[in-house]
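What follows is a single structure, written as structure tokens, with notes after it.
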Amino acid sequence: MDVKAKKRSVVPFGPQHPVLPEPIHLDLVLEDEKVVDVIPSIGFIHRGLEELVNRRDFNQYVYIAERTCGICSFGHGLGYVEAVEKLMNVEVPVRAKYLRTIWGEMGRIHSHLLWAGLMADAFGFENLFYQCWRLREKNLDLVEMTTGGRLIYSVNKVGGVLKDITPDMQKVILNNLSEIEVELKDIYKTFTTDYSVLERTRGVGVLTKEQVHDLGACGPYARASGVERDIRQLGYEAYGDLDFEPVVSTDGDNFARCDVRLREVFQSIDLIRQAIAKMPAETDLSVPVKGNPDGEALVRIEQPRGEAVYYVEGNGTKFLNRFRLRTPTFANIPAMCETMKGCNYADIPLLVVTIDPCISCTER
Amino acid sequence: MANVKRSPWLLHYDASSCNGCDIEVLASLTPVYDAERFGVVNTADPMQADILLVTGGVNAQSAEVVKQLYDQMARPKVVVAVGVCACTGGVFKDCYNINGGVDTVIPVDVYVPGCAARPESIIDGIVKAVAIFQERSDKHDKYVKEHGESARDTSDPDAAARDGNPADFFNALGKKPQEHTDHKEEK
Amino acid sequence: MGAKFTPKQTLRVIEKEGLLREVMVMKSRHMRLSQACASYKDGHYELSYSFADDETMDYETLRVNVGLAERVPSIHNFYSCASYYENEMRELFGVKIELIEPDYRNKFYRIKAETPFLPEDAKAEQKKEEAEISLNGADSDLDQEQAARDEKQAEKDAAAKKAADEKKAAAAAEKAAKKGAQ
């Protein structure tokens, strides 16, 4: 046995790093080129916005909840609003539910395309990165047309939504989605058949179904390892009326994660089409909400990155006692550290990107 | 913009923002908005960067990182605060872990408003920063020509302070870094 | 079509002594730890441990009410990912959770404020209760284990600090020498 070769060294990774748009710090314990242990440390973006709920009234807080994260902003607003509505027994108009579903899926398309671009950047495929982001802009145009914002939608409120999607807009949406679908097929083909992409993704960072379960991972990350579970199947908002099956792969490696996320974009396009076809023509977009929240409620939402848990606790005043947000990336970090053990140092950036890290969500 | 002769490189750091502005910074560099046509290139190496884009309201831990990145950048350098959080703290100003604005830690030259800042305004901010960078590098070149490579311009308090400790910068300008207001008062 | 699942969402208040047992039952039922959080209410902590069943979509929450200075065992032996939630609870709320692995020792988020989610009066109350406990000397085996770990860590910290100080002093001396030479 070669004794000399086994020398341990600790290499810091982050917080400022070429593949990371957001800061996370990892201490990597290396044995030669092999990673043997990972110690994550977070807190570079911790703002403490959960505590702000004690000082902002529950209607104002919708806008702060949205700003938990700029990528999944609609989802966070939706989760908070749904939890408060559950607390106050408010039944939202059916059209508002469909509108929320459409915006939620638009958020998913934008988030997954963004991730696909960053992934391409991480394995050094600049062209693919730019193609994904160019395609994403088409989706952002739809968001801007319907809500007025590009990343922060600000259309949710307790009791309904603030804006409507008119028939004219629906035509534009359907038209743009068809364009996105055509171009996405090319991108999907590149991600799943290109030799240089497969070299970096096939068989790297494998997680088994058991590991995923034990480490509490969720979302597309877990579905890539064969966990057939999508929180949208709970049927919240209008998802109960729409026809879809969770997108699953069984390989559990980087390739499977690319595959699952890109197929989910096709699924989201399909869901938006279904929702537009089935949306009832009502005039009411919201119901008036009276009184203050009291008691506690827990709501689960499928974010682009996986299951997010919202827990609110009211005390009969206009200020909530506690708002708790468990974000998907927080749950995926233990699994990410597990995939890194035993892999090559050069694969670390890819393995960080492959969980679709949203550090702003994680640290709140 | 007219007399720009150089192609400054950008460094982007997220100092506890909500991520929205970071994505928009990247979006303004990718095809549709394409800020690279002004000659700027996104880099991840502070040693090679000329313009620092900071997003977010800076918290206890990221303050050190921002300072370090700023110190590692070669002279002359320009700082752009992107988004309302980086300007003043924004919606998170009252959070217990937010300092409130990048100018509590390092001197800022250009403020870009917006929540999230739109790519158009980020590009506008970058263009302004490019002009400032040109002006500073002209001054720097002139000084080096007169005084030699290793000389440091001490006559200009602004440039001298930018070289060293950020606290000196505030002293030189007779300003104080913005104070973090106690969030408990409001309750 | 309609919703494909009719999941149950339950909440059960249990005693602190029964926590590890209940968590073990959850583990044997193949539940996934979905989240754990703390909340401060009327002079005590409410700890919630939520478990999800991925087959039926059921969601069960275990609720433990503990006093401000009471010790709570860590559940990381059953669910390794729980340590992240527990570190968070301890840093933000000051819940006394014992034997977490890995133990971030209140440096999970590295915030400046101490237990920011706890109101000022509760902080004072917690200190008072802490003092009473240490007066009565109610040391269990767990406490001794934690104390031993704390001591070990303190030694390590002191050594690291000493090394850092020496390095700093050396650097300062070098700088001074350089300056003198100039």
Q: Kindly point out, ordered by number, any Cys in chain A whose beta-carbon has no other cysteine beta-carbon under 4.7 Å away.
A: A:C72, A:C132, A:C218, A:C258, A:C337, A:C343
Q) Say we join alpha carbon atoms closer than 10 Å with springs in a Gaussian network model of chain A; which of A:A217, A:A277, A:A297 then has the biggest fluctuation? A) A:A277
Q) Magnitude of the Cβ-charge dipole of chain A, K/R +1 and D/E -1, about the Cα centre, nearest 20 debye? A) 600
Q. So what's segment B:13-113 giving for Rg/Rh, alpha carbon basis, Kirkwood Rh from the mean inverse pair distance?
A. 0.96
Q. For the charge dipole of segment B:91-145, defined by +1 on Lys and Arg C-beta atoms and -1 on Asp and Glu C-beta atoms about the Cα centroid, which residue among B:F133, B:F92, B:A117 has the Cα displaced farthest towards the positive pole?
A. B:F133
Q: Mind checking which lysines have their Cα closer than 27 Å to the Cα of A:K163? Skip sequence neighbours fewer than 8 apart in that chain.
A: A:K86, A:K97, A:K138, A:K171, A:K278, A:K290, A:K318
Q. Where does each of A:M88, A:M145 land when they are ranked from fewest to most other beta-carbon atoms within 10 angstrom?
A. A:M145, A:M88
(Q) What does the C-alpha gyration tensor say about the overall shape of segment C:1-120? Classify as rounded when a/c is under 1.5, otherwise prolate if a/b is larger than b/c, or oblate. (A) prolate
Q | Taking C:M24, A:M119, C:M31 and counting other C-beta atoms within 10 Å, the order from fewest to most | A | C:M24, C:M31, A:M119
**Q.** Listed peptides A:28-36, A:239-247 by packing density, highest first (mean Cβ within 10 Å)
**A.** A:239-247, A:28-36
Q. Which residue, chosen from A:P293, A:N254, A:V353, occupies the Cα position most advanced towards the positive end of the dipole of segment A:242-364, where the dipole is computed from +1 (Lys, Arg) and -1 (Asp, Glu) charges on Cβ about the Cα centre?
A. A:P293
Q: Please sort A:347-358, C:159-170, B:81-92 by packing, taking for each peptide the average over its residues of neighbouring beta carbons within 10 angstrom, highest first.
A: B:81-92, A:347-358, C:159-170
Q) Can you flag which of A:K341/C:K156; C:K123/C:K168; C:K112/C:K156; A:K185/A:K341 are past 28 Å Cα-Cα? A) C:K123/C:K168; A:K185/A:K341
Q: May I ask you to order B:109-117, A:300-308, C:12-20 by the average number of other C-beta atoms within 10 Å around their residues, highest value first?
A: A:300-308, B:109-117, C:12-20
Q: Using just the helices of the protein assembly as shown, give the 222 nm mean residue ellipticity in deg cm²/dmol: DSSP H runs with n ≥ 4 each add -39,500 (n - 2.57), and the total is spread over all residues, rounded to 500.
A: -14000 deg cm²/dmol
**Q.** Charged-residue dipole, Cβ positions (Lys, Arg, Asp, Glu), segment C:9-124 about Cα centre, Debye nearest 20
**A.** 280
Q: Mind sorting A:I165, C:I75, C:I133 by how few other Cβ atoms lie within 10 Å of their own Cβ, fewest first?
A: C:I133, A:I165, C:I75
Q: Run through every distinct alpha carbon pair of the protein assembly as shown and return the Kirkwood hydrodynamic radius in angstroms, one decimal place.
A: 27.2
(Q) Treating only the Cβ of Lys, Arg, Asp and Glu as charged (+1, +1, -1, -1), what charge dipole size does the protein assembly as shown show about its Cα centre? Round to the nearest 20 debye. (A) 900
Q. What trypsin sites (Lys or Arg not before Pro) in segment C:25-60 are in a loop by DSSP, with at most 16 other Cβ atoms within 10 Å of the Cβ?
A. C:R29
Q.
Can you pull out the GluC sites (Glu not before Pro) in segment C:88-136 whose DSSP state is coil and whose Cβ has at most 16 other Cβ atoms within 10 Å?
A. C:E114
Q) Which of the listed residues, A:P167, A:I152, A:G235, is farthest toward the dipole's positive end in segment A:49-363, when Lys, Arg count +1 and Asp, Glu count -1 at the beta-carbon? A) A:I152
Q. In segment A:79-183, what GluC sites (Glu not before Pro) fall in a loop by DSSP, with at most 12 other Cβ atoms inside 10 Å?
A. A:E91
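Taken together, the values in this text are just the output of simple stated rules run on the coordinates, not laboratory data. Being a predicted model, the structure only gives us computed values, none of them experimental. Positions of Cβ are backbone-derived with ideal geometry, glycine not excepted, and every protein chain shown enters the neighbour counts.
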